[in-house]
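Engineer: I have a structure I would like to understand better, so I am pasting it below and will then ask my questions one at a time.
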Amino acid sequence: MTARTKALSLLLFIALVPAAAAADTPFQIRVIDSETGRGVPLVELRTVNEVSYITDSNGLAAIDEPGWTGREVFFHVESHGYTYPEDGFGYSGTAVEVEPGGSVTLEVERDNIAERLYRITGEGHYRDSLLTGEAVPLDDSVRGGGVMGQDSAQTAIYRDQLYWIWGDTDLAGYPLGVFQSTGAVSQLPGQGGLDPDEGVNLEYFTDGNGAPKPMIPIREDTGILIWLDGLMVVDDDGAERLAGRAELLHSLGDPIGHSLVVFDDEQETFTEHTPFDPDEPWRYPRGQTAVLEEDGVTYNLFSLRFPIVRAEATLDAVSDPNRYEAFTCLEPGGRMNGAESPVMRDDAGDLVWAWREDTDPVGQNEEQTLLEAGLIDAEETRFQVRDAESGDSVNIHRSSVQFNEYLDQWVLIGAEEYGDSSFLGEIWYAEAPDPTGPWDEATRIVTHDDYSFYNPVQHPYFAQDGGRFIYFEGTYTHQFTGRDTPTPRYDYNQIMYRLDLSDERLR
């Protein structure tokens, strides 16, 4: 072979390499938010013959179908809280020419006020991005810690790291995973952690095989579930401790008992500290936790629907039911008893709300009971949340309440029971001057069509621009819906949203 022939052969080889690489690269559909230009995860792209693709956390779908090469293929475009224009026949979608290595960008309009960012848990966050050669932000963008699904997050900053605890966890090896809670840590933004706009690098607590391990191995009984909530940081004679409540159940809706548990830093698991009376109605940690400074005392506020239970942020206080206080309008020592409930009024006849020991708390449901009994008037309520547009009542199922510096207000992110679009899929925003309200008008910020998005969690340590942008997540699952087909990869996992508090629609 002459030098000229060798040179021509080399040039031909170089020219063919990109073409061969492109032929091996799937066609890419990128779906972006028309307002922000950011990729939108959880968008379904469905063909005429019912082949579905779901965009990953970058908003990308990798299309690798040999029979479609060089052909126009129509894709229906659907996503919770986002819309794509309809054609003359009412189809929301478009036809694109599929070519290996090619790409197309589709814009969807966001109806939700909050912006969907990415999936936090589970494997394959960026599967399609990796298949098409796109950059990804996570250290573990493929395996996701070996997790397939995780339920209901709890978080707390402990010893300069962010600790994460989840409920039931699905693993790849078998449908039944870990039912004694799992956990991880991540670094805070600016301290080695990712910008919350990009994602969260989770480092799971693992067993000897590298799989997520049970975080609360209190019992060895087969079939027992252990859930942790009320995760908090408390003072223990000058030392910082991570604590929470472990609830033990035979099955969903069949509790056995509950205990205060404390994190063991050496074993990296929680150990039982103090058992609670199984019949105790409210004097224990629960739900999501917020911190309140009042008169020089630091309290942990515990919120299911609203933060109406608190205890001093010390290990001694949270271990002792007698040191819990309820926010209430009942007389000291009073119990909710229908029309016989002893509401407290001053000499002028005004209802007296206060934090009281050994007195039943009064929240949204209790207020409704007192209203129906004629014991209080509508203008005296603090938890009767209503839709700011329609005036309809919004029944809060679970919420996360945190103080916001940007507004100088307390902000509630709450999931609604019996919402218009789904039983547990609509998320509402409200603000109040105090964690105990008055909470009145609320604005719907996220909608899921016949899909659950329950147990929302605010992340105040992720807030940006002085608190103008806040971040929250929830559990995305087909449970408690009429859907027969779960969303691949996303189902039973946590999804992050961002909300701009300067948005005029919130006012």
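Engineer: Among the residues of the stretch 414-453 satisfying the criterion of being among the aromatic types (Phe, Trp, Tyr) and under 22 Å from residue 500 (Cβ atoms), which is nearest to the chain's Cα centre (by Cα)?
Structural biologist: This residue is 453.
Engineer: Would the stretch 367-389 turn up any residue that is of a type in the set (A, V, I, L, M, F, W, C), in contact (Cβ under 8 Å) with a residue 60 or more places away in the chain and in contact with an Asp or Glu (Cβ under 9 Å, 6 or more places away or on another chain)?
Structural biologist: Yes - at least one qualifying residue is present in the stretch 367-389.
Engineer: From the list 290, 246, which residue is in the same structural domain as residue 155 (by TED's automatic domain parsing), modelled with pLDDT of 95 or more, outside any loop (DSSP other than H, G, I, E, B) and under 22 Å from residue 404 (Cα atoms)?
Structural biologist: 290
Engineer: Determine which single condition residue 337 fails, assuming it passes every other condition in (1) polar (S, T, N, Q); (2) within 30 Å of residue 492 (Cβ to Cβ); (3) over 32 Å from the mean Cα position of the chain (by Cα).
Structural biologist: Of (1) polar (S, T, N, Q); (2) within 30 Å of residue 492 (Cβ to Cβ); (3) over 32 Å from the mean Cα position of the chain (by Cα), only one is false for residue 337: (2).
Yes/no matrix, rows are residues, columns are (1) polar (S, T, N, Q); (2) in a strand (DSSP E or B); (3) on the phi > 0 side of the Ramachandran plot:
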{"residue": "106", "(1), (2), (3)": "no, yes, no"}
{"residue": "109", "(1), (2), (3)": "no, yes, no"}
{"residue": "129", "(1), (2), (3)": "yes, no, no"}
{"residue": "142", "(1), (2), (3)": "no, no, no"}
{"residue": "148", "(1), (2), (3)": "no, yes, no"}
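Engineer: Then there's this: Checking residue 494 against (1) under 18 Å from the mean Cα position of the chain (by Cα); (2) surrounded by fewer than 18 Cβ atoms within 10 Å (Cβ to Cβ); (3) closer than 24 Å to residue 124 by Cβ, only one condition comes out false. Which one?
Structural biologist: Answer for residue 494: the failing condition is (2).
Engineer: OK, next. List, please: which pairs have Cβ atoms under 6 Å, are six or more places apart or on different chains, and start with a residue in the stretch 68-85 that is assigned by TED's automatic domain parsing to the domain that holds residue 26 and end with one that is surrounded by fewer than 18 Cβ atoms within 10 Å (Cβ to Cβ) and of a type in the set (A, V, I, L, M, F, W, C)?
Structural biologist: 72/95; 74/48; 74/95
Engineer: Go over the candidates 224, 157, 165 one by one and state the one that is out of contact with any Cys (no Cβ under 6 Å at 6 or more places or on another chain) and farther than 16 Å from residue 459 by Cβ.
Structural biologist: 224
Engineer: Out of 408, 450, 440, 420, report the one residue that is out of contact with any strand residue (DSSP E or B) (no Cβ under 9 Å at 6 or more places or on another chain) and farther than 22 Å from residue 300 by Cα.
Structural biologist: 450
For (1) touching a Leu at 6+ places or on another chain (Cβ under 6 Å); (2) surrounded by fewer than 16 Cβ atoms within 10 Å (Cβ to Cβ); (3) outside any strand (DSSP E or B), each residue gets a yes or a no:
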{"position": "414", "(1), (2), (3)": "no, no, no"}
{"position": "418", "(1), (2), (3)": "no, yes, yes"}
{"position": "424", "(1), (2), (3)": "no, no, yes"}
{"position": "437", "(1), (2), (3)": "no, no, yes"}
{"position": "444", "(1), (2), (3)": "no, no, no"}
{"position": "449", "(1), (2), (3)": "no, yes, yes"}
{"position": "470", "(1), (2), (3)": "yes, no, no"}
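Engineer: Do we find that residue 263 is modelled with pLDDT of 95 or more and closer than 30 Å to residue 346 by Cα in this structure?
Structural biologist: no
Engineer: Give me the residue from the stretch 311-358 that is under 24 Å from residue 234 (Cα atoms) and among the polar types (S, T, N, Q) and, out of that set, surrounded by the fewest Cβ atoms within 10 Å (Cβ to Cβ).
Structural biologist: 322
Engineer: Can you tell me which residue among 352, 297 is touching an Asp or Glu at 6+ places or on another chain (Cβ under 8 Å), of a type outside the set (Ser, Thr, Tyr) and either under 22 Å from residue 402 (Cβ atoms) or in the same structural domain as residue 405 (by TED's automatic domain parsing) (or both)?
Structural biologist: Among 352, 297, only 297 is touching an Asp or Glu at 6+ places or on another chain (Cβ under 8 Å), of a type outside the set (Ser, Thr, Tyr) and either under 22 Å from residue 402 (Cβ atoms) or in the same structural domain as residue 405 (by TED's automatic domain parsing) (or both).
Engineer: Further question: Determine, yes or no, whether residue 333 is of a type in the set (Gly, Ala, Ser), touching a residue at least 12 places away in the same chain (Cβ under 8 Å), under 25 Å from residue 285 (Cα atoms) and not assigned by TED's automatic domain parsing to the domain that holds residue 447. Step through it out loud before you land on a result.
Structural biologist: Values: of a type in the set (Gly, Ala, Ser): yes; touching a residue at least 12 places away in the same chain (Cβ under 8 Å): yes; under 25 Å from residue 285 (Cα atoms): yes; not assigned by TED's automatic domain parsing to the domain that holds residue 447: yes.
Answer is yes for this residue.
The values are calculated or read from the model by the stated rules, or taken from the named source; none is laboratory data. Everything quoted here is computed from the prediction, not taken from an experiment. Note that we place each Cβ from the backbone using ideal geometry, even for glycine, and neighbour counts take in every protein chain shown.
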